[in-house]
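Here, each number is a calculation from the coordinates, and none is a lab measurement. None of these values were measured; they are calculated from a predicted model. Every residue, glycine as well, gets a Cβ built from its backbone with ideal geometry; the counts of neighbours run over all protein chains shown.
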Amino acid sequence: MGHRIAVTINGQRYEAEVEPRLLLVHFIREVAGLTGTHIGCDTTSCGACTVILNGKPIKSCTMFAVQADGCEIRTVEGLAQNGELHPIQKAFWECHGLQCGYCTPGMLMAGVALLERNPNPTEEEVRRAISGNLCRCTGYQNIVKSILRAAEMMREGAGVASGSPVGSGSPAQ
Amino acid sequence: MSATLTESPHRVLGQPIKRKEDPRFLTGQGRYLDDIKLPNMAYMAIVRSPYAHARIVSINKEPALAVPGVLAVITGEDLEKLGLAWMPTLNGDQQMVLAVGKVLFQYQEVAAVIATSREAAYDGAAAVEVEYDPLPVVVDPFKALEPDAPILREDRKEKTNHIWRWESGDKAATDKAFAEAEVVIKEKIRFPRVHPAPLEPCGCIADYNRTKNHLTLYVTSQAPHAYRTVLAMVAKLPEHQIRVISPDVGGGFGNKVPVYPGYVVAVVGSMLTGRPVKWVETRTENLASTHFARDYHMTVEIAATREGQVKALRVHTVADHGAFDAQAVPSKWPAGLFNICTGSYTFEAAHVVVDAVYTNKAPGGVAHRCSFRVTEASYLIERAMDILAQELKMDPAELRRKNLIPADKFPWKSPTGWVYDSGNYHHTLDYALNLIGYKELRKEQAEKRARGELMGIGISFFTEIVGAGPSKHFDILGIKMFDSAEIRVHPTGKAIVRLGTRHQGQGHETTYAQIVAEELGLSPDDVLVEEGDTDTAPYGLGTYASRSTPTSGAAAAMCARRIREKARKIAAHLLECGEHDLEWVDGRFQVKGAPHQSVTMQQIAFAAYTNPPPGLEPGLEATFYYDPPNLTFPYGCYIAVVDIDKGTGEVKVRRFLAVDDCGTIINPMIVQGQVHGGLTEGFAIAFMQDIVFDENGNNLVTNFTEYMLPTAVETPRWETAHTVTPSPHHPLGAKGVGESPNVGSPAAFVNAVVDALSHLGVRHIDMPITREKVWRILRNAGIDE
Ligand code: FES
Ligand code: FES
């Protein structure tokens, strides 16, 4: 009954025998043990499960793990490099783009996918790009601000040079 | 207690400090309930009723037990044998854990299947065979009160669907004022049935250890200590053998206050199977069975003079509580704080009646940023004031100005008995009107109206009542609603603070650190905040109803001050002077008149463990239980500006200004975030949400394609501002803010839409104001597209 699949997540290869009905999000969370990707609904509505698959943002609750066989996936755990936050993570922190944090991984991945194809989006473009991601806490305003700020940081390359290290609670700008 | 703060350049209170909790959430390291996996863990799925009202003829477990991986099937009958088929609700009723004899709402819990995997549990649940015999269904709360209505709760002595009547205020004085009134307005107003729908659904892992007779319950809870006590009472386990851990919580908004049947069954499942049992509900289960909010059918009347002076308020409400009276309210107040409905105005008399009713719907009522029915109250009075303004042909801002409680009348005693702590309402009103450019907007509206365009301006001037509460008024199942903080300062001058509240995104790890840092002269980076583990945190009633800052925030400040008093003794010892020769300046103790002779909290903390003064107990720790002397009364003026498309009926919120007065602000960035979120919820309630049922009691709104949440595209741009009127009785002057935007905003949206249509004779439109409703109003009024 099981199908053997191999999926690369954040550069690491995961091989497993899976039931055909296993959802990709469950594979990511339970087989690969990467629980940063969340589940918030049963109807492909909320986007908490958003990951980047072969360069495109997708809702991993709406795909079977077997369909992702051979694919490259990026999740929230892959954003920070060598202990340095990705500019979009810094921007969300600085602009208070999160509250309970449950939608955050999906928002970050949707934001990254947008900025990779459009480094200089307008506010409207940002709002449209995250319209498949629901947030119950923030009212989106600071999420939008965070993504625009990340775009600015990435364009300046400042994100790499001058970010705050993980774990400090210094005053926001 | 004074509201003045420590004068110090070392000011961390009031700073927009970045949140300390964020790094783990930003990197996928948050630890929510479903992220926890214990060795040998089993999974649970619940079999739910397809009927809203039916007798259970039989339940056949066998096909489920035959599914590979299924370990146990639990029914109401099984629970009955254990004495666990029913559990007490927070409102003095009892509620079925698993259905016994009959079901009372669609999606009610009927059986539970425990299996070695989630998939096997769901397969097992699908295999359970339940035979039902449908009964007549009661959906409409008014029909429930008719004499020939079927009795839903046959288990009760009282053979009626009427649960209770609650009255507040002075009926005779109110009737007299109405009899003498020059002007009376009356309107029927419904606050729809909505749902908090936090993005993370509810769930738990029950881990019972037979050898130790010890239960660890990991659970999505806003009030872990209350859960522990309820579990001890329900499951008859000794309370010290229960540990409740509420890990990171993905939003709550009141949805995660009640103890749900699934938690109790998971505990039983763990006892039966000897394994940890995880249960995480689906979104449909969340929307269809956990606590909804509101569903108030209100009739409001105002008596006033022709000049617009309000005299008396009369309110009658029929409250749809669903199948069990399970709403989470403090014991003494069956309709919560609904009698705050005289709002921000100088009413002389008021009489408020609430009749609660059973129907074949899921239980609940109090949730969703409402501070115990304040949302309904505030919406009611703010809507009614606009109706009165319309009746009197007065500007709604003018009518409010005329009736707002004047600043010199605080503390103000309302006709229903509440004592408002502080306010400068006229100042806040003028500030908001100026900020949005009210006069110009009215001018623009007149011009547009002359051209046939539809534009509206809506004002809401709400008063909240939060921070439950003084324990003389507030308890839950007898447990007084104080809250607590415990601080330990370590030898190197770093501190840990533990509290009885539990945040779900409100930023407690940062704001409480700011409070303690401010009071102790430390950096917030050096203060670790911990909540959510009943084995380590002091007892508290949890986070909801905007009570954390008013209660635990106060407890944290008072606890820190207690530490500072001990620190003063140690400082005197170190500086070889008398305690009274010392003053606390810039986060350190210094000798009066000799500022170079001083010691920091770090030095004091080190001495507390290495060199304590003779006779003084070593260490530097304290606990404080804070019982607030009164509630706090945050308030605000919200103004919405809308444009309506005559062709489609679409309402566009062009501007929305929220001026909040929540007293002293601890972290303005976090407060603004709270306001944005609550306004977005208010926007959704005003324009898109209502949980509706068909005549058979089928819930028609059970997922996010039916229960609409606004996305980033529809959500308006929020403008926020503040006035600051500190609470005179809170040690920091803070009042709490989490719920204000949800309480205050629905009326502003609806008032704006009605204002845009008032010249067509429109006086009131019930929420949600959908495009279709507006389109019909326009077509009926003969407006051309
Ligand atoms: S979990 Fe909601 S869209 Fe995937
Ligand atoms: S931060 Fe809570 S859902 Fe977005």
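If you count, for every residue in A:100-111, the Cβ atoms of partner chains within 10 Å of its Cβ, what is the mean? The partial results should precede the final answer.
On the way: counts 19, 18, 12, 5, 8, 5, 1, 1, 4, 0, 0, 0.
Per residue, the average neighbour count from other chains is 6.
From other protein chains only, count the Cβ atoms within 10 Å of every residue's Cβ in A:86-98, then give the mean. Numbers along the way, then the final one.
Numbers: counts 2, 0, 1, 5, 2, 1, 3, 6, 3, 3, 11, 3, 9.
Rounded to a whole number, the mean comes out at 4.
For segment A:1-147, what are the per-bin percents of Cα-Cα distances with bins 10 Å wide, up to the bin holding the maximum?
Spelled out bin by bin, segment A:1-147 gives 12, 43, 32, 11, 1 percent.
Indicate, rounded to the nearest 5 percent, the antiparallel portion of the DSSP beta bridges found entirely in the protein assembly as shown. Before the final figure, lay out the partial values.
On the way: 123 of 153 bridges.
Roughly 80 percent of the DSSP beta bridges within the protein assembly as shown come out antiparallel.
Restricting attention to segment B:142-204, which GluC sites (Glu not before Pro) occupy a DSSP loop and are surrounded by at most 16 other Cβ atoms within 10 Å? Don't jump to the answer; show the numbers that get you there.
Numbers: sites: B:E154, B:E158, B:E167, B:E180, B:E182, B:E187; in loops: B:E154, B:E158, B:E182.
Here the sparse-neighbourhood loop sites are B:E154, B:E158, B:E182.
Give the average, rounded to an integer, of partner chain Cβ atoms located within 10 angstrom of each Cβ in B:675-684. Walk me through the numbers on the way to the answer.
Values: counts 2, 9, 10, 2, 2, 7, 3, 1, 1, 1.
Per residue, the average neighbour count from other chains is 4.
Taking every eigenvalue of the Cα gyration tensor of segment B:561-677, multiplying by 5 and rooting it, what semi-axes result, largest first, whole Å? Intermediate values should be presented prior to the final figure.
On the way: eigenvalues 561, 48, 32 Å².
Working through the eigenvalues yields semi-axes of 53, 16, 13 Å.
In square nanometres, what is the average projected area of the Cα convex hull of segment B:714-782? Don't skip to the answer; put the middle values down first.
On the way: hull surface 27.7 nm².
If you wrap the Cα atoms of segment B:714-782 in a convex hull and average its projections, you get 6.9 nm².
Using the Cα atoms of segment A:3-78, I'd like the radius of gyration and the largest Cα-Cα distance, Dmax, both in angstrom.
10.9, 29
Express in nm, to one decimal, how much length is gained between B:E617 and B:K143 on full extension, taking 0.36 nm for each residue of separation and deducting their alpha carbon distance. Mind dumping the intermediate values first?
Working: separation 474, 0.36 × 474 = 170.64 nm, distance 6.73 nm.
Full extension of this stretch gives 163.9 nm more.
Could you tell me the convex hull volume per residue, in Å³, taken over the Cα atoms of segment B:449-498? Write out the running numbers ahead of the final one.
On the way: hull volume 11.2 nm³, N = 50.
Expressed per residue, the convex hull around the Cα atoms of segment B:449-498 is 224 Å³.
To the nearest 0.05, what FRET efficiency results for B:E719 and A:R155 with a Förster distance of 25 Å applied to their C-beta separation? Walk me through the numbers on the way to the answer.
Values: r = 28 Å, r/R0 = 1.11.
Once rounded, the FRET efficiency stands at 0.35.
Among B:I205, B:A319, B:T416, whose Cα sits farthest toward the positive end of the charge dipole of chain B (+1 at Cβ of Lys/Arg, -1 at Cβ of Asp/Glu, about the Cα centre)?
Ranked along the dipole, the leading option is B:T416.
Report the full-extension gain for the segment B:E391 to B:E650: residue separation times 0.36 nm, less the Cα-Cα distance, to one decimal in nm. Write out the running numbers ahead of the final one.
On the way: separation 259, 0.36 × 259 = 93.24 nm, distance 2.63 nm.
In short, 90.6 nm is gained.
Sort A:E19, B:E447 so the one with the fewest other Cβ atoms within 10 Å of its own Cβ comes first. Mind dumping the intermediate values first?
Numbers: A:E19 14, B:E447 11.
Going from sparsest to densest Cβ surroundings: B:E447, A:E19.
Any chance you could check the Cα centroid distance between segment B:712-785 and segment B:131-207 for me, in angstrom?
Cα centroid of segment B:712-785 versus Cα centroid of segment B:131-207: 25 Å apart.
State, as an integer percentage, the relative contact order of segment A:3-78 based on alpha-carbon contacts under 8 Å between residues 6 or more apart. Mind showing how you got there, number by number?
Values: 144 pairs, mean separation 30.1, N = 76.
With pairs under 8 Å counted, the relative contact order is 40 percent.
For segment B:472-546, I need the span (max minus min coordinate) of the C-alpha atoms along each principal axis, in Å, sorted largest to smallest.
42, 23, 22
Using Cα atoms only, what is the angle between the long axis of helix A:141-156 and the major principal axis of chain A, expressed in degrees (0 to 90) to the nearest 10?
Value to nearest ten degrees: 80.
At a 10 Å Cβ-Cβ cut-off, how would you order B:Y345, B:Y122, fewest neighbours first? It would help to have the intermediate numbers written out before the result.
Working: B:Y345 21, B:Y122 17.
Lowest to highest Cβ neighbour count: B:Y122, B:Y345.
What are the extents of the Cα atoms of segment B:584-623 along their three principal axes, listed from largest to smallest and rounded to whole Å?
29, 23, 14 Å, listed from the longest principal axis down.
What percent do you get for the relative contact order of chain B when only Cα pairs under 8 Å and 6+ apart count?
Values: 1987 pairs, mean separation 128.6, N = 785.
Relative contact order of chain B: 16 percent.
Which lysines, if any, have their Cα less than 28 Å from the Cα of B:K18, not counting same-chain residues under 8 positions apart?
Answer for B:K18, where 28 Å is the Cα cut-off: A:K90, A:K145, B:K256, B:K494, B:K735, listed by chain and number.
Two decimals, Cα atoms only, Kirkwood Rh: what is Rg/Rh over segment B:3-141? Spell out each step's value before the answer.
Working: Rg = 23.2 Å, Rh = 18.7 Å.
Result: Rg/Rh = 1.24.
Would you please classify the overall shape of segment B:223-283 from the alpha carbon gyration tensor, given that a ≥ b ≥ c denote the square roots of the eigenvalues, rounded means a/c under 1.5, and beyond that prolate means a/b larger than b/c while oblate covers the rest? Working shown, then result.
Details: a/c = 1.87, a/b = 1.24, b/c = 1.51.
The shape class here is oblate.
Modelled label-to-label distance, B:S117 and B:D525, 7 Å Cα→beta-carbon offset: nm?
4.8
Which residues' amide hydrogens lie under 5 Å from the amide hydrogen of B:I783, considering only partners 5 or more residues apart or on another chain, with H built in the peptide plane?
none
Any idea what Rg and Dmax come out to for chain B if you just take the C-alpha atoms, in Å?
When restricted to Cα atoms, chain B yields Rg and Dmax of 27.5, 89 Å.
Can you tell me the FRET efficiency between B:R449 and B:A172 if r is taken as the Cβ-Cβ distance and R0 is 45 Å, rounded to the nearest 0.05?
Details: r = 44 Å, r/R0 = 0.98.
Given R0 = 45 Å and the Cβ-Cβ separation, E is 0.55.
Rg and Dmax of segment B:128-214, using alpha carbons, in Å: what are they?
23.3, 75
Run through every distinct alpha carbon pair of the protein assembly as shown and return the Kirkwood hydrodynamic radius in angstroms, one decimal place.
Taking every pair of different Cα atoms in the protein assembly as shown, averaging 1/r and inverting gives 29.1 Å.
What translational diffusion coefficient, in µm²/s and rounded to a whole number, does the Stokes-Einstein relation yield for segment B:393-536 at 4 °C and a viscosity of 1.567 mPa s, taking the hydrodynamic radius as the Kirkwood radius over Cα pairs? Don't skip to the answer; put the middle values down first.
Values: Rh = 20.1 Å.
The estimated diffusion coefficient comes to 65 µm²/s.
Over all Cα pairs of segment A:67-129, how is the pair count split among 5 Å bins, expressed in % and running from 0 up to the last occupied bin?
Whole-percent P(r) values from 0 Å outward: 4, 15, 24, 26, 19, 8, 4, 1.
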